[in-house]
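Below is one structure, written out as structure tokens; comments come after it.
The values are calculated or read from the model by the stated rules, or taken from the named source; none is laboratory data. Quantities reported herein were computed from a predicted structural model and do not represent experimental measurements. Don't worry about glycine lacking a Cβ; one is built from the backbone with ideal geometry, like all the others, and counts go over all protein chains shown. Please note that ligands, DNA and RNA were not included when accessible areas were found on the heavy atoms of the full protein model with its side chains. Shrake-Rupley method; radii C 1.70, N 1.55, O 1.52, S 1.80 Å.
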Amino acid sequence: MSDKPFLTIDEQVRLLESRGLGVDADTGPTLMREGYYSIVNGYKDPFLDIGKSKEAGEDRYLEGTSFLDLYTLFTFDRELRSLTFRYLILAEAKIKTAVAYAFSNAHRASEAYLLQSNYCDENEFASAGKNGANFAQEIAGLTSVLGRRVSNSKSDFIVHYRNSYGAVPIWVLVNDLTFGNIEHFYNLMKSKDKSAVCKMIVDSTGRTGSHKLGFFSVDDARVSIEVLVKFRNVCAHDERLYCAKVGGRKNVNYIRMVWMLERYLTENEFKRFIKELTELLMRYIETYAIKHVLNQIGFVELLQKTTDGSLFE
């Protein structure tokens with residue numbers, strides 16, 4: 001297969017037009033600002049005529065589709081990422097705090113997190129649905145990552161504790177760990193320590209006694225933390241969010257993630273998130289670019305719940 005040839009902005013516009021996409025005077029400047037690949041390759045799929053594309057051996061667009069439709073979906077998704085990321089960060093902070101607190105409370109030594117004996121055993125690991133054959137590798141991998149952060153981090157607060165006290169407690173180190181590191185850490189905690197994490201999240205969000213959310217199990221936390229980590233990475237890496245699906249067999253879409261995220265936000269935080277999300281949808285909902293993908297990505301369910309009031313019962 002030959003390499004893709006370089007195309008000037010004018011040539012890019014003519015290529016799109018030759019494939020049945022409506023263009024206008026703003027198309028070229030928009031491509032110059034944002035890039036062809038980001039807009040076209042990222043957001044063309046809902047607008048392609050599959051039959052004609054297959055017949056032609058290259059992209060063909062549905063009749064009446066314009067470049068503005070692709071760009072509208074692109075800008076919607078950018079705003080959706082920005083909004084969602086702000087609330088995922090709030091959830092991440094609560095999870096990091098709860099994990100560090102629960103572990104430190106159970107294991108008081110400053111660097112107890114470097115001792116494999118302070119984590120779950122192989123039976124607990126397997127009972128959480130993990131492959132027991134990977135247990136030793138998982139434990140060694142985690143403690144190795146933590147040890148390297150303690151020794152090599154250039155973060156001021158880590159350097160201060162390392163130089164002043166000769167040790168870095170987990171409630172300090174946690175601020176230098178990624179969300180993925182924390183997911184790994186939680187999955188390897190002892191069962192009783194995981195339960196303490198769940199209790200602290202319930203308490204810190206004020207969800208105690210919430211009939212709507214129900215009991216928060218360690219397994220629910222495992223699944224939802226994995227989902228939130230993956231959606232956070234989608235947002236952080238500017239990947240497509242509106243149609244993202246993650247988790248086992250890629251069965252968790254954006255709206256399912258929203259209901260998982262609710263557990264990690266206070267009631268006021270979640271209401272504010274839903275209000276902003278609904279307002280974003282309503283600004284775009286009448287555009288051709290958004291209307292025909294709403295049901296596919298689960299937003300119809302959200303709009304129904306916000307309209308009939310059941311979301312906040």
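My understanding is that a pair violates if its Cα-Cα distance is over 26 Å; which of Lys192/Lys250; Lys154/Lys245; Lys4/Lys54; Lys96/Lys130 do that in this structure?
Lys192/Lys250; Lys154/Lys245
Rounded to the nearest 10 Å², what accessible area does His237 show when all protein chains are kept and the probe is 1.4 Å?
Ignoring ligands and nucleic acids, His237 comes out at about 120 Å².
To the nearest 10 square angstrom, how much accessible area does Glu111 have with a 1.4 angstrom probe?
Number for this one is 60 Å².
Can you give me the accessible area per residue for the range 5-63, using a 1.4 Å probe, in Å²? Write out the running numbers ahead of the final one.
Working: 3630 Å² over 59 residues.
I get 62 Å² per residue for the range 5-63.
Can you give me the relative contact order of the chain as a percent, contacts being Cα pairs under 8 Å and 6 or more apart?
19
Measuring with a 1.4 Å probe in the full set of protein chains, what accessible area per residue, in whole Å², belongs to the range 84-141?
Accessible area per residue, the range 84-141: 50 Å².
Taking a ≥ b ≥ c as the square roots of the Cα gyration tensor eigenvalues, with a/c under 1.5 meaning rounded and otherwise prolate when a/b beats b/c, else oblate, which class fits the range 68-180?
Working: a/c = 2.49, a/b = 1.50, b/c = 1.66.
Oblate, since a/c reaches 1.5 and b/c is not below a/b.
Using only the alpha carbons of the range 12-150, determine the length spanned along each of the three principal axes and report them from longest to shortest in whole angstroms.
66, 32, 24 Å, listed from the longest principal axis down.
With semi-axes √(5λ) of the Cα gyration tensor in Å as the read-out, I listed (1) 66, 18, 15; (2) 44, 28, 14; (3) 43, 24, 18; which label goes with the value calculated from this structure?
(3)
Return the loop-located chymotrypsin sites (Phe, Trp or Tyr not before Pro) in the range 146-246 (DSSP other than H, G, I, E, B) with at most 14 other Cβ atoms within 10 Å of their own Cβ; answer none if there are none.
Values: sites: Phe157, Tyr161, Tyr165, Trp171, Phe179, Phe185, Tyr186, Phe215, Phe216, Phe231, Tyr242; in loops: Phe215, Phe216, Tyr242.
Taking the range 146-246 and a limit of 14 other Cβ atoms within 10 Å, the loop chymotrypsin sites (Phe, Trp or Tyr not before Pro) found are Phe215.
Roll a 1.4 angstrom probe over the protein heavy atoms and tell me the percent of accessible area of the chain that is carbon or sulfur.
51
Of Ile50, Ile255, which has the most accessible area with a 1.4 Å probe, and how do the rest follow in descending order?
Largest to smallest exposure gives the sequence Ile50, Ile255.
Could you compute the net charge surrounding Ser18? Neighbours are other residues with a C-beta less than 11 Å from the C-beta of Ser18; K and R count +1, D and E count -1. Don't skip to the answer; put the middle values down first.
Values: positive: Arg14, Arg19, Arg60; negative: Glu11, Glu17, Glu58, Asp59.
Combined, the nearby Lys, Arg, Asp and Glu give -1.
Where only protein heavy atoms count, and the probe is 1.4 Å, what is the accessible area per residue for the range 181-313 in Å²?
Computed with neighbouring chains in place, this is 49 Å² per residue.
Tell me, what is the 1.4 Å probe accessible area of Met32, in Å² to the nearest 10?
About 140 Å², rounded to the nearest 10.
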